[in-house]
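The values are calculated or read from the model by the stated rules, or taken from the named source; none is laboratory data. Keep in mind it's a predicted model, so treat the numbers as computed, not measured. Don't worry about glycine lacking a Cβ; one is built from the backbone with ideal geometry, like all the others, and counts go over all protein chains shown.
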Ligand SMILES: Cc1ncc(C[n+]2csc(CCOP(=O)(O)OP(=O)(O)O)c2C)c(N)n1
């Protein structure tokens, strides 16, 4: 279908305005809460607006639909942006965002949790979302043969985590072309400049050395972002989009300035910023579900899984307790503390017990566990005690 120049401009205008709305809402909810990470949200706003408007395929009325794409905020502290996206998708109201973000007992915690039906895994512990994403991509590609894509947003400081590179290694080994990693290279971490700053070419070389397609772009140029996503969708291996951005983008008083990580804007400053960003908006983005006819039919095993049991003091070789079948492997990986951990801060704010297993975690265990949890060929009903088990999702593309 031909798209006229005017239509293209109108579309880009819409996505630009959507990105500004995401910035405004991220500022509003963090200022209202008196805490949070607005600057980390602002740098990724254009990347996420373009994703939602043009590429993500997701049926918001059916988060359990196995055809849905998966979006993982590996930089989970950018939750204001994620929740603002949920508002733009129409599943979180403005009232909920403003009145409950980061409040005790709320489902809109400082770091996303699967208490929200559109969130696959708890993130916030940097370096963990991507390994989980690799597992979900593995389940889609190898176990269930579904067409969903997995999109993972990482921070550049997060790229210092070794687990990120282990995950990329496995993603390329299994040729996970359904995985797109978006690295928001805003040059600043928590306490100052990152190791590589805006040296995007070094990121490119490292990503390529791990066997993935690297795509370097300006992370605030909507056209470049759109083309990068299309290039990733057409690739035969995992892609890593290395997006040069500016932390705090759109708010000159804090843009690319150190010292603003994890700080809400004071009310007066927030007011100025919101005005400069064009004020409050209530735009809705329509992401589109993947046509059901393209979905592969996965075998559903209803057989109960008999897990091995060990008495306290038993000496069991790890290779035995973690050996196939894969369901048992996943289960043992999780119970051994290598799967799906929550961010430590969740234990104090969410009211739900946090596994606090980060130190014991292994990247491969996390990927394997995620793969098995998401594989439809392993019935979730066989996993009665696994509260983290979730089923796939997804959404849009320029049509
Ligand atoms: C494993 C781990 N270590 C430390 C932290 C604390 N922390 C939260 S955000 C952050 C900096 C993140 O910087 P970056 O990845 O560049 O994302 P940005 O906020 O700049 O977008 C740190 C160190 C964490 N959440 N997890």
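A few notes on this one:
- Residue in segment 161-169 that is at pLDDT 95 or above, more than 16 Å from the ligand (Cβ to nearest atom) and surrounded by fewer than 24 Cβ atoms within 10 Å (Cβ to Cβ) present: yes
- Restricting attention to segment 121-143 and to residues that are over 14 Å from the mean Cα position of the chain (by Cα) and either closer than 13 Å to residue 72 by Cβ or crowded, with 24+ Cβ neighbours inside 10 Å (or both), the residue that is nearest to the ligand (Cβ to nearest atom) turns out to be 138.
- Candidate set from segment 179-195 (those that are touching a strand residue (DSSP E or B) at 6+ places or on another chain (Cβ under 7 Å) and buried (at least 24 other Cβ atoms within 10 Å of the Cβ)); member that is farthest from residue 41 (Cα to Cα): 179
- Restricting 198, 151 to those that are surrounded by fewer than 20 Cβ atoms within 10 Å (Cβ to Cβ) and more than 8 Å from the ligand (Cβ to nearest atom) reduces the list to 198.
- Condition check for residue 103 on (1) in contact with a helix residue (DSSP H, G or I) (Cβ under 8 Å, 6 or more places away or on another chain); (2) part of a helix (DSSP H, G or I): one failure, at (2).
- Residue in segment 55-75 that is within 16 Å of the ligand (Cβ to nearest atom) and either outside the structural domain of residue 184 (by TED's automatic domain parsing) or part of a helix (DSSP H, G or I) (or both) present: no
- Residue in segment 80-98 that is within 12 Å of the ligand (Cβ to nearest atom), assigned by TED's automatic domain parsing to the domain that holds residue 134 and either in a loop (DSSP other than H, G, I, E, B) or at pLDDT 95 or above (or both) present: yes
- Matching option when the condition is under 17 Å from the mean Cα position of the chain (by Cα) and touching a residue at least 24 places away in the same chain (Cβ under 8 Å), among 99, 89: 89
- Search result, residues across segment 106-120 that are away from the ligand (no atom under 16 Å from the Cβ) and in contact with a helix residue (DSSP H, G or I) (Cβ under 6 Å, 6 or more places away or on another chain): 106, 108
- Residues of segment 34-47 include none that is more than 16 Å from the ligand (Cβ to nearest atom), assigned to a helix (DSSP H, G or I), assigned by TED's automatic domain parsing to the domain that holds residue 138 and surrounded by 24 or more Cβ atoms within 10 Å (Cβ to Cβ).
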